[in-house]
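Here the structure comes first, spelled out in structure tokens, and everything after it is commentary.
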Amino acid sequence: MPKTVKSSLPAASKPRPTAKNPTREDIALRAYQIYLERGGAPGNALEDWTRAERELQQKPSKPRRKPGPKLVAA
């Protein structure tokens with residue numbers, strides 16, 4: 001009886017969002033923040049959405065932290 005060969009292909013997984021690919025929730029949240037910055041005044045939702053999308057695509061995925069103090073062993 002012939003042996004079967006198992007596939008060595010990796011399992012499919014969900015693509016992870018990156019700085020160049022923000023999620024719809026991220027864009028919606030930023031668009032809402034833009035709306036609030038405007039004081040909640042009526043505006044153009046499409047402009048808010050596209051501005052939010054553009055801003056999120058330009059930002060790095062994680063904000064850089066300032067280096068903490070160096071610890072010295074006593």
**Asked** Taking the Cα-to-Cβ direction at Asn21 and at Val72 and moving 7 Å from each Cα, how far apart do the two end points lie in nm?
**Response** 4.7
**Fill in**
Pseudo-spin-label distance Thr50 to Gln33, built 7 Å along Cα→Cβ, given in nm, is 2.1
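Here, each number is a calculation from the coordinates, and none is a lab measurement. Values in this document were obtained by computation on a predicted structure and should not be read as measured data. Neighbour counts run over all protein chains shown; Cβ positions are idealised from the backbone, glycine included.
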